[in-house]
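None of the figures in this text is laboratory data; all of them are computed from the coordinates on show. Just so it is clear, the structure is predicted and the values come from calculations on it, not from any experiment. Reconstructed Cβ throughout: ideal geometry from the backbone, glycine too, with neighbour counts over all protein chains shown.
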Amino acid sequence: MRADNSLRWLWLSLLVLVCDQLSKYAATKLLVYHQASKLFTGLDLTLVHNTGAAFSFLSQAGGWQRWFFMILTSMVSLALVFWLSTLPRQRRWLAAALALILGGALGNLWDRISLGYVIDFIDVYYGQWHWPAFNIADSAICVGAVMLIIDTIWFDRAEVIMNDREPPP
């Protein structure tokens, strides 16, 4: 008998985790720290180590932030697994969003635990303006977050509208 929840989407989390770790391994072996390798105008590969959170938030905090982010990420990851376990199988879009966020969170958590920092290497820029370097895990988290917003705005609203309609006589 198949489970009536969305835990089956954990395969997507595992895929994100594996792709993230393989890409970080390749970046570490093939790139020189802080030296840009141009792919094409607007996109470089630049190996950096991020001890903070998104956009290097708290990267200069003195070390306590590593433990804070490890605990926070662990708690959020457990909450996401619980959410998936209670989510009906029919909510595929939302389940995929949560699985992407979970996979990305676990990819960066793995780095924090094993290295003490997160490996970032994708450098997007325009002229002299550079977006903060990021990785596959960060990308999965962002895509999942956008999907979560879309689900909240459109899918939840459609569900409410459908539930508010009276059945035909």
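Okay, here's what the table says:
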quantity: Given charges at Cβ of Lys, Arg, Asp, Glu: region 8-160 dipole, positive-most of Thr86, Leu22, Met70; calculated: Thr86
quantity: Mean Cβ count within 10 Å, highest first, over the residues of peptides 141-152, 103-114, 8-19; calculated: 103-114, 8-19, 141-152
quantity: Region 8-160 - Kirkwood radius from inverse mean 1/r over Cα pairs (Å); calculated: 16.4 Å
quantity: Long-range amide H partners of Leu87 with built H, under 5 Å; calculated: Ser6
